[in-house]
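The values are calculated or read from the model by the stated rules, or taken from the named source; none is laboratory data. Just so we're clear, the structure is a prediction, and the values are computed from it rather than from any experiment. Heads up: the accessible areas ignore ligands, DNA and RNA and are worked out on the full protein's heavy atoms, side chains in. Shrake-Rupley method; radii C 1.70, N 1.55, O 1.52, S 1.80 Å.
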Amino acid sequence: MNRSLLREQVFKLLFRVEFNPMEEMPEQEELFTSTSDDDFSKQDADYIREKYEKIAEKLDDIDKAINEKTKGWDTERMAKVELTIIRLAVYEIKHDESVPTGVAINEAVELAKKFGQDGSPAFVNGVLAKFAE
(Lines give C-alpha, C1' and ligand atoms only; values in the text may rest on other atoms or scores of the structure.)
Protein backbone atom coordinates (compact mmCIF):
# COMPACT_ATOMS: atom_id res chain seq x y z
CA MET A 1 0.00 0.00 0.00
CA ASN A 2 1.43 3.42 -0.88
CA ARG A 3 1.79 6.28 1.61
CA SER A 4 -1.37 8.08 0.47
CA LEU A 5 -3.48 4.95 0.91
CA LEU A 6 -1.89 4.23 4.29
CA ARG A 7 -2.61 7.82 5.37
CA GLU A 8 -6.23 7.38 4.30
CA GLN A 9 -6.49 4.26 6.47
CA VAL A 10 -4.97 6.11 9.44
CA PHE A 11 -7.56 8.85 8.87
CA LYS A 12 -10.38 6.28 8.90
CA LEU A 13 -9.14 4.73 12.13
CA LEU A 14 -8.53 8.12 13.76
CA PHE A 15 -12.07 9.17 12.77
CA ARG A 16 -13.40 6.48 15.13
CA VAL A 17 -12.10 8.52 18.07
CA GLU A 18 -15.08 10.83 17.56
CA PHE A 19 -17.54 8.01 18.21
CA ASN A 20 -15.80 5.73 20.70
CA PRO A 21 -14.33 6.29 24.16
CA MET A 22 -10.52 6.09 24.20
CA GLU A 23 -10.75 2.99 26.41
CA GLU A 24 -12.46 1.16 23.53
CA MET A 25 -10.00 2.21 20.86
CA PRO A 26 -7.68 -0.81 21.18
CA GLU A 27 -10.68 -2.98 20.29
CA GLN A 28 -11.57 -0.57 17.47
CA GLU A 29 -8.01 -0.84 16.14
CA GLU A 30 -8.32 -4.61 16.03
CA LEU A 31 -11.74 -4.48 14.37
CA PHE A 32 -10.52 -1.93 11.85
CA THR A 33 -7.51 -3.92 10.70
CA SER A 34 -9.22 -7.32 10.77
CA THR A 35 -12.65 -6.53 9.28
CA SER A 36 -11.89 -3.73 6.82
CA ASP A 37 -12.97 -4.03 3.19
CA ASP A 38 -9.42 -3.08 2.27
CA ASP A 39 -6.80 -5.81 2.29
CA PHE A 40 -3.89 -4.98 4.57
CA SER A 41 -0.64 -6.78 4.77
CA LYS A 42 0.59 -7.34 8.30
CA GLN A 43 3.17 -4.62 7.67
CA ASP A 44 0.45 -2.16 6.53
CA ALA A 45 -1.76 -2.99 9.52
CA ASP A 46 1.17 -2.47 11.88
CA TYR A 47 2.01 0.88 10.25
CA ILE A 48 -1.62 2.07 10.48
CA ARG A 49 -1.91 0.99 14.10
CA GLU A 50 1.43 2.52 15.11
CA LYS A 51 0.75 5.86 13.44
CA TYR A 52 -2.74 6.03 14.91
CA GLU A 53 -1.37 5.30 18.41
CA LYS A 54 1.29 8.00 18.07
CA ILE A 55 -1.38 10.52 17.07
CA ALA A 56 -3.79 9.39 19.80
CA GLU A 57 -1.19 9.87 22.53
CA LYS A 58 -0.61 13.45 21.35
CA LEU A 59 -4.27 14.28 20.67
CA ASP A 60 -4.62 16.79 23.52
CA ASP A 61 -1.49 18.64 22.38
CA ILE A 62 -2.64 18.56 18.76
CA ASP A 63 -6.07 19.96 19.65
CA LYS A 64 -4.45 22.64 21.79
CA ALA A 65 -2.21 23.66 18.87
CA ILE A 66 -5.20 23.76 16.51
CA ASN A 67 -7.19 25.90 18.94
CA GLU A 68 -4.26 28.30 19.34
CA LYS A 69 -3.87 28.76 15.56
CA THR A 70 -7.52 29.10 14.61
CA LYS A 71 -9.51 32.21 15.46
CA GLY A 72 -13.27 31.76 15.65
CA TRP A 73 -12.95 28.03 14.99
CA ASP A 74 -12.07 25.70 17.79
CA THR A 75 -12.01 21.92 17.67
CA GLU A 76 -15.46 21.77 19.28
CA ARG A 77 -17.01 23.66 16.34
CA MET A 78 -15.26 21.86 13.50
CA ALA A 79 -16.95 19.13 11.52
CA LYS A 80 -15.64 15.72 12.51
CA VAL A 81 -14.23 14.83 9.09
CA GLU A 82 -12.29 18.08 8.76
CA LEU A 83 -11.12 17.91 12.37
CA THR A 84 -9.78 14.39 11.89
CA ILE A 85 -7.96 15.38 8.69
CA ILE A 86 -6.47 18.43 10.40
CA ARG A 87 -5.38 16.37 13.42
CA LEU A 88 -3.60 13.90 11.17
CA ALA A 89 -1.85 16.65 9.22
CA VAL A 90 -0.87 18.62 12.33
CA TYR A 91 0.67 15.47 13.77
CA GLU A 92 2.66 14.99 10.57
CA ILE A 93 3.76 18.64 10.48
CA LYS A 94 4.77 18.86 14.13
CA HIS A 95 5.88 15.32 15.02
CA ASP A 96 6.70 13.26 11.92
CA GLU A 97 9.98 14.34 10.40
CA SER A 98 9.57 11.87 7.53
CA VAL A 99 6.68 13.93 6.09
CA PRO A 100 7.49 17.39 4.68
CA THR A 101 5.01 20.11 5.68
CA GLY A 102 3.93 20.70 2.08
CA VAL A 103 3.20 17.01 1.58
CA ALA A 104 1.19 16.84 4.82
CA ILE A 105 -0.93 19.81 3.72
CA ASN A 106 -1.40 18.54 0.17
CA GLU A 107 -2.39 15.06 1.36
CA ALA A 108 -4.82 16.59 3.87
CA VAL A 109 -6.46 18.65 1.12
CA GLU A 110 -6.79 15.50 -1.00
CA LEU A 111 -8.46 13.67 1.91
CA ALA A 112 -10.80 16.64 2.35
CA LYS A 113 -11.75 16.45 -1.34
CA LYS A 114 -12.50 12.75 -1.00
CA PHE A 115 -14.27 12.67 2.38
CA GLY A 116 -15.37 16.23 3.12
CA GLN A 117 -17.99 18.58 1.78
CA ASP A 118 -17.65 21.28 -0.88
CA GLY A 119 -15.82 23.80 1.29
CA SER A 120 -13.70 21.24 3.14
CA PRO A 121 -10.52 21.43 1.03
CA ALA A 122 -10.33 25.23 1.36
CA PHE A 123 -11.06 25.10 5.09
CA VAL A 124 -8.45 22.40 5.75
CA ASN A 125 -5.89 24.24 3.63
CA GLY A 126 -6.59 27.51 5.44
CA VAL A 127 -6.16 25.99 8.88
CA LEU A 128 -3.03 24.06 7.95
CA ALA A 129 -1.46 27.08 6.25
CA LYS A 130 -1.20 28.59 9.75
CA PHE A 131 1.08 25.69 10.71
CA ALA A 132 3.34 26.27 7.71
CA GLU A 133 4.13 29.88 8.67
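Dividing the summed helix terms, -39500 (n - 2.57) for each DSSP H run of n ≥ 4, by the number of residues in the chain produces a 222 nm estimate of -23000 deg cm²/dmol to the nearest 500.
Of the heavy-atom accessible surface of the stretch 1-107 (probe 1.4 angstrom), what whole percent is carbon and sulfur?
Details: 2680 of 5930 Å².
The nonpolar share, carbon plus sulfur, comes to 45 percent.
If you sort 96, 37 by accessible surface, 1.4 Å probe, largest first, the order is 37, 96.
Measure nothing but the geometry: give the 0 to 90° angle between the long axis through the Cα atoms of 25-35 and the longest principal axis through the Cα atoms of the chain, rounded to 10°. Orientation of helix 25-35: about 60 degrees from the principal axis. Sorted largest first, the spans of the alpha carbon positions of the stretch 12-133 along the three principal axes are 39, 28, 28 Å.
To the nearest 10, the accessible area of residue 19 is 120 Å² with a 1.4 Å probe.
Largest GNM mean-square fluctuation among 23, 76, 50, using the chain with Cα springs under 10 Å: 23. Between residue 57 and residue 24, the contour length at 0.36 nm per residue exceeds the Cα-Cα span by 10.5 nm.
Listed cross-link partners 80/113; 80/130; 54/114; 42/64; 42/69 are compared with a 26 Å cut-off, the Cα-Cα value being larger for 42/64; 42/69. Note on residue 50 and residue 98: the extension gain reaches 15.8 nm, defined as 0.36 nm multiplied by sequence separation minus the Cα-Cα distance. Can you tell me the orientation of helix 80-95 relative to the chain, as the angle in degrees between its alpha-carbon axis and the longest Cα principal axis, to the nearest 10? Between the helix axis and the principal axis of the chain, the angle is about 90 degrees. Taking all protein chains together and a 1.4 Å probe, the residues 93, 85 rank 93, 85 from largest to smallest accessible area. Remark: relative contact order (the chain) = 23 percent; criterion is Cα-Cα distance under 8 angstrom and separation of 6 or more residues.
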